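No value in this document is a laboratory result; all are computed from the given coordinates. Being a predicted model, the structure only gives us computed values, none of them experimental. All Cβ positions, glycine included, derive from the backbone under ideal geometry; neighbour counts span all protein chains shown.
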Amino acid sequence: MFSGSIPALVTPFRDGAFDEAAFRRLVDWQIENGSSALVPCGTTGEASTLTNEEHHHVIQVCVEQAAGRVPVIAGCGSNDTRNALMHMQYSRKVGADAALVVAPYYNRPNQEGLIAHFSHLAEHGELPIVLYNVPGRTVTDIAPETVVELACSYPDRIIGIKDASGDLSRVTDHRMGIGNGFCQLSGDDELALPANAAGAVGCISVTANVAPRLCADFQQACAEGDFARARELNDLLYPLHYAMFEDASPGPCKYALTRVHNWLTEDLRLPLTPCNAAARKAVDEALDHAGLI
């Protein structure tokens, strides 16, 4: 079971190529500062612009560098079921602990198609699956009744969800339909506090790239039921949560990381470009508010 602060890791680039040395340092820094698991090759990791070879290499490096200190939930999503399965099989081979699998994007399957897609992966992928619902990016929405059907059909394979639908009522829908054993993780940093109060157990986070200790302490306070402390920490982090999306993500996040560490660059893969001046201002102000610079 996964819980706590789980960064959706950026993929560092330098001169257009994967910066493996910087990524290894980032993994170590995350673990040293309380992150409870790691997600390579998610949305924030720019998986959509990685070749399959690069995608697999990033996952392998993450598993190697984590070295069993925390679990690795490998980003394995695709709008092609066969490609998602390939990612899952490779991730299992190199030692990942689970697969984060986003709803297929662009081709817009209906709910029956989603059930068929995730059922096929559950039956053949040989890794636990954390569903990833982010309809703002994929257009396709994994409906609560679909989540319930999948989790109840494959209780040992479909074990949780990263929900970035923005609909907090779904935490209760999922819990009442499946039970407390289903791992619910917020996919929206700014909604992690109310999601945890409703029954979520953590967050797959963009902000944790930049503020891992604050995010870990916030999640720990929630787990201990100390919501007064959690609110204090959330107030520190709240401007940063929004600053991360002042321009196309992960541009602001990569800029923020350069303000915290001199061994990371802002490099992104086209069609993404470095964030604009307004986003930089918002990031700088949010980092200052959180006491990070």
query = Hey, among Arg137, Arg92, which residue is in contact (Cβ under 8 Å) with a residue 40 or more places away in the chain and basic (Lys, Arg)?
reply = Arg137
Selection from segment 74-109 of residues that are of a type in the set (A, V, I, L, M) and under 25 Å from Arg14 (Cβ atoms) = Ala74, Val94, Ala96
note = Residue set Ala221, Ala208; condition among the hydrophobic types (A, V, I, L, M, F, W, C) and free of Cβ contacts under 8 Å to residues at least 24 places away in the same chain; output residue Ala221
message = Going residue by residue through segment 12-31, is there one that turns out to be among the β-branched types (Val, Ile, Thr) and more than 17 Å from the chain's Cα centre (by Cα)?
response = no
request  = Give the residues of segment 8-59 that are among the polar types (S, T, N, Q) and touching a residue at least 12 places away in the same chain (Cβ under 8 Å), sorted by residue number.
outcome  = Thr11, Gln30, Asn33, Ser35, Ser36, Thr43, Thr44, Thr49, Asn52
key: Complete set of residues in segment 227-265 that are of a type in the set (D, E, K, R) and crowded, with 18+ Cβ neighbours inside 10 Å   = Glu246, Asp247, Lys254
Residues located in segment 132-174, provided they are under 17 Å from Ala198 (Cα atoms), out of contact with any Lys or Arg (no Cβ under 8 Å at 6 or more places or on another chain) and not hydrophobic (A, V, I, L, M, F, W, C) = Gly160, Lys162, Ser165, Gly166, Asp167, Ser169, Arg170, Thr172, Asp173, His174
key: Residue list for segment 274-286, filter: under 26 Å from Ala47 (Cα atoms), in contact (Cβ under 8 Å) with a residue 40 or more places away in the chain and either out of contact with any Phe, Trp or Tyr (no Cβ under 9 Å at 6 or more places or on another chain) or not β-branched (Val, Ile, Thr) (or both)   = Ala282
task = Quick one: count up the residues across segment 123-172 that are under 13 Å from Ala200 (Cβ atoms) and among the basic types (Lys, Arg).
result = 2
remark   = Output for Cβ contacts, cut-off 8 Å, separation at least six or different chains, first residue on the phi > 0 side of the Ramachandran plot in segment 244-273, second surrounded by fewer than 21 Cβ atoms within 10 Å (Cβ to Cβ) and assigned to a loop (DSSP other than H, G, I, E, B), reads none
query = What do you reckon, is Asp167 surrounded by fewer than 20 Cβ atoms within 10 Å (Cβ to Cβ) and under 18 Å from the mean Cα position of the chain (by Cα)?
reply = yes
